[in-house]
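Below is one structure, written out as structure tokens; the observations come after it.
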Amino acid sequence: MVQLLHMNNNIEDKYLKVIEDNVNVSKTGAGTEFLVTISAVAIICFCVFIFSDAIANVVIDNMSDEKQVKIENILTGKDSDFKIVVKHPDKLKYLEETKKRIVKLDKRLQRKSVLKINEIEEKQVNAFVLPNGSIYFTSGLLDKVDNKEALTFVLAHELGHYAHRDHLKSIGRELLSGMILSVISFGNKQVGSTFSSFNNMNYINHSQKQETNADRYANHIMYRLYGKNDGAVEFFRFLKKEEKFPELLYYFSTHPSTEKRLYIIQHSK
């Protein structure tokens with residue numbers, strides 16, 4: 001029995017020696033290899049997204065107003081896609097007059113074909129801007145927000161997106177990063193899926209930065225028009241009361257948390 005055990009130990013030692021000397025056998029654990037692979041993919045994705053952002057920003061920022069308008073009109077749907085109503089004519093009139101004041105302050109908003117303000121039938125408190133500069137306020141928002149300076153902040157925020165050409169930059173970035181990552185993945189579904197996950201995470205981060213920049217733009221407009229930003233602060237405090245969105249979920253949202261947005265507004269001009 002002792003001799004047989006000794007033989008088995010010798011055989012085991014030989015196999016271990018063969019494995020150690022075999023270049024085709026990995027000496028690292030599966031977990032280590034996985035971490036190395038994920039790290040490599042993350043680095044590649046980071047470089048691709050930075051490159052895509054830089055190229056898209058340079059191209060779009062240097063685009064002529066005429067070309068901008070042509071592309072925006074192609075990308076934008078028709079008003080008939082929304083149920084337009086006029087339940088708050090006084091507020092819409094105020095917003096139109098305020099829009100003209102804001103446009104005079106920013107050349108990037110001037111000489112554009114459409115900067116029309118509409119109200120749509122929707123209970124949700126929301127406002128958004130289309131690529132061609134058409135701005136939509138929901139009836140829910142106009143029902144609940146009476147402070148005119150708060151409405152000015154919302155309007156300026158949407159105009160900020162348009163002034164920064166955020167829609168075009170997002171589209172350009174997605175097209176560039178998509179083409180590059182499709183080439184890198186070589187049609188491999190698993191690699192493509194991994195790249196896609198990182199792309200979604202980066203999209204959220206990119207979108208949150210755009211929202212923050214639009215808030216800063218609107219805050220700056222508030223100080224230029226009123227010398228204060230009380231309306232902006234009141235609007236975010238109103239949102240905090242209205243929302244039922246756990247703070248943690250904002251990590252997966254295209255918008256920063258209301259608490260964070262309020263903090264930025266209160267500490268900037």
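The values are calculated or read from the model by the stated rules, or taken from the named source; none is laboratory data. Everything quoted here is computed from the prediction, not taken from an experiment. Glycine also receives a Cβ, built like all others from the backbone with ideal geometry; neighbour counts cover every protein chain displayed.
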Could you look through the stretch 59-93, keep only residues that are part of a helix (DSSP H, G or I) and in contact with a helix residue (DSSP H, G or I) (Cβ under 6 Å, 6 or more places away or on another chain), and pick out the one that is surrounded by the most Cβ atoms within 10 Å (Cβ to Cβ)? ILE60
Restricting to the stretch 61-113, count the residues that are closer than 21 Å to HIS220 by Cβ and aliphatic (A, V, I, L, M). 5
Pairs with Cβ under 7 Å, 6+ apart, first in the stretch 96-122 and free of Cβ contacts under 8 Å to residues at least 12 places away in the same chain, second surrounded by 14 or more Cβ atoms within 10 Å (Cβ to Cβ): GLN110/VAL103
The stretch 202-226 residues that are part of a helix (DSSP H, G or I), paired with ones that are at pLDDT 95 or above and acidic (Asp, Glu) (beta carbon under 8 Å, 6 or more apart): ALA214/GLU158; MET222/GLU149; TYR226/GLU149
Index of the failed condition, ARG173 passing every other in (1) modelled with pLDDT of 85 or more; (2) surrounded by 15 or more Cβ atoms within 10 Å (Cβ to Cβ); (3) within 23 Å of VAL59 (Cβ to Cβ): (1)
Surrounded by 15 or more Cβ atoms within 10 Å (Cβ to Cβ) and under 20 Å from the mean Cα position of the chain (by Cα): does that describe VAL103? no
Counting only residues in the stretch 105-160 that are basic (Lys, Arg) and in a loop (DSSP other than H, G, I, E, B), the one farthest from PHE236 (Cα to Cα) is identified as ARG111
Residue list for the stretch 176-209, filter: basic (Lys, Arg) and at pLDDT 70 or above: LYS209
State whether the residues of the stretch 140-153 include one that is among the small types (Gly, Ala, Ser) and buried (at least 20 other Cβ atoms within 10 Å of the Cβ). yes
